[in-house]
Amino acid sequence: MTSLLYDIALAGKVIASQTSRGGLAEILGKTGATNIQGEEVMKLDELADRMIYRLNDHTGRLAVMASEEQEDILPVSSRFPIGKYVLLYDPLDGSSNIDYNVSIGTIFAIYRRLSQSGHGTLEDCLQKGRDLIAAGYLIYGASTMLVYTSGMGVHGFTLDPTVGEFLLTHPNIRIPEKPKYYSVNQGYEKFWSDGIKHYTRYLQGDEPDANGNFLKGFSMRYIGSMVADFHRNLLGGGIYYYPADSKNPKYTSGKLRLSYEGAPLAFIAEQAGGTSSNGTTNLLDLQPEGLHQRTPLFIGNRDLVEKAEEFIRIFDHQE
Ligand code: FBP
């Protein structure tokens, strides 16, 4: 598994070498294609997707892969040995920010295969987050970082471009008990349920909880790249949420994908002392039904996530 993490780190270095050159690298803009999500594919989405696949399809470590950019599972070519691990990934998170030099990232989730032998299957890719053996993300920002967990704490590494290596800079990351931030696209407020509207006013300190307690009010920060918003809250304390909304018929059950966005970040949050929810259930306990299944998502400090569940229970009658 360590070698698999190295392969992912190498893909991250290659992607970082492109993102850091931005307009110089002819890497900005759209390809003109639309992906399975119905989203316009950015050139960097395509490059990152190809890079991660190519750097992992021949190593003999993987049985199957799945990507946000590809409709179906990605079997390992029969030309190469087939391994025991399963890799799911969002090659480029925060695509809408690529052309604006804003932090973006890559998210990955690693499972052990369930199928006995031969090519991996869809079932291998539809495992609950509780069965993750490792998960992490790369963030391409002021510096490039790799943050991961294999169930023994969360550790952050920073890419030293002078030696081309990720060096340990953030050992054993713990979400600070005292949160500072809430992160949500408040531009969509009018499309939210009552529970989410009341909860957001609670985070702003404008409304009490069920026990009549007011918060002092948190600072709102929203980059629009989940990896970057999650990373800030992981280090500074806070909650990121993307609830279901009525704005887009596609997002009535949330925008973000359970298998390669929600579950891996939920595993990291849990390992760092935080938690996650879809509004009623921990994301790690959700059984994915489809590769690109969407979910409402609340992730960060445990008490803030549990508070979200409480407001949803009270105002949206979701027992
Ligand atoms: P992708 O870029 O991988 O599709 O991820 C979804 C995402 O960009 C998140 O990173 C981000 O938090 C969210 O969507 C932004 O959505 P919106 O523009 O609706 O706020």
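Calculated FRET efficiency, LYS216 and PHE315, Cβ-Cβ r, R0 25 Å, to nearest 0.05?
Numbers: r = 22 Å, r/R0 = 0.89.
Working from the Cβ atoms, E equals 0.65.
Let me know the Rg and Dmax you get for the chain when you use only its Cα atoms, in Å.
Cα only, the chain: 19.1, 64 Å (Rg, Dmax).
Kindly provide the helix-only [θ] at 222 nm of the chain, computed as the sum of -39,500 (n - 2.57) over DSSP H runs of four or more divided by all residues, to the nearest 500 deg cm²/dmol?
Numbers: 7 runs with 78 residues, N = 319.
Dividing the helical sum by the residues of the chain leaves -7500 deg cm²/dmol.
Relative to the longest principal axis of the chain, what angle (0 to 90°, nearest 10) does the C-alpha long axis of helix 226-236 take?
For helix 226-236, the angle is close to 60 degrees.
Only sites in a loop by DSSP and with at most 12 other Cβ atoms within 10 Å count here; which GluC sites (Glu not before Pro) in segment 155-254 make the cut? All intermediate terms of the calculation are to be shown ahead of the outcome.
Details: sites: GLU165, GLU177, GLU189; in loops: GLU177.
Taking segment 155-254 and a limit of 12 other Cβ atoms within 10 Å, the loop GluC sites (Glu not before Pro) found are GLU177.
If the elastic network links every pair of Cα atoms under 10 Å, which of PRO81, PRO264, PRO296 fluctuates the most in the Gaussian network model of the chain?
PRO81
Which percent, to the nearest 5, of DSSP beta bridges fully inside segment 1-143 are antiparallel? The partial results should precede the final answer.
On the way: 18 of 23 bridges.
Antiparallel: roughly 80 percent of the beta bridges in segment 1-143.
Order of 41-49, 13-21 by packing, highest average Cβ count within 10 Å first?
Working: 41-49: 22.6, 13-21: 17.8.
Taking the mean over residues of other Cβ atoms within 10 Å, the ranking is 41-49, 13-21.
Please sort 269-280, 117-128 by packing, taking for each peptide the average over its residues of neighbouring beta carbons within 10 angstrom, highest first. The partial results should precede the final answer.
Values: 269-280: 22.7, 117-128: 17.3.
Going from most to least packed, we get 269-280, 117-128.
Antiparallel as a % of all DSSP beta bridges within segment 180-319, to the nearest 5? Before the final figure, lay out each step's value.
Values: 8 of 14 bridges.
The answer is about 55 percent antiparallel.
Within segment 48-120, report the GluC sites (Glu not before Pro) that DSSP leaves as loop and that have at most 16 other Cβ atoms within 10 Å.
On the way: sites: GLU68, GLU69, GLU71; in loops: GLU68, GLU69, GLU71.
Those satisfying the criteria are GLU71.
Please state, to two decimals, what the Cα-based radius of gyration of segment 152-284 comes to when divided by 2.2 N^0.38 Å (N = residues). Walk me through the numbers before you get to the answer.
On the way: Rg = 16.3 Å, N = 133, 2.2 N^0.38 = 14.1 Å.
It is 1.16.
On a 22 Å Cα-Cα criterion, which of the cross-link pairs LYS197/LYS307; LYS43/LYS84; LYS180/LYS250; LYS190/LYS250; LYS84/LYS128 come out too long? Display every interim value, and only then the final one.
Details: LYS197/LYS307 13 Å; LYS43/LYS84 31 Å; LYS180/LYS250 31 Å; LYS190/LYS250 17 Å; LYS84/LYS128 17 Å.
Violating the 22 Å limit, Cα to Cα: LYS43/LYS84; LYS180/LYS250.
Under 13 Å from the Cα of LYS178, which aspartates and glutamates turn up, not counting those fewer than eight places away in the same chain?
Within the straight-line limit of under 13 Å, LYS178 reaches these aspartates and glutamates: ASP303.
Write out the trypsin sites (Lys or Arg not before Pro) in segment 130-229 meeting two conditions: DSSP loop, and at most 10 other Cβ atoms within 10 Å of their Cβ.
LYS216
Out of every Cα pair in segment 33-129, what percent are spaced more than 15 Å from each other? Show your work: numbers first, answer last.
Numbers: 2776 of 4656 pairs.
The proportion of pairs with Cα distances above 15 Å equals 60 percent.
Tell me, what is a quarter of the convex hull surface for the C-alpha atoms of segment 230-319, in nm² with one decimal? Before the final figure, lay out the partial values.
On the way: hull surface 23.2 nm².
Value for segment 230-319: 5.8 nm².
Bear in mind that the values in this text are calculations on the coordinates, not laboratory data. Since we're looking at a predicted model, the values are computed, not measured. Every residue, glycine among them, receives a Cβ derived from its backbone with ideal geometry; neighbour counts consider all protein chains shown.
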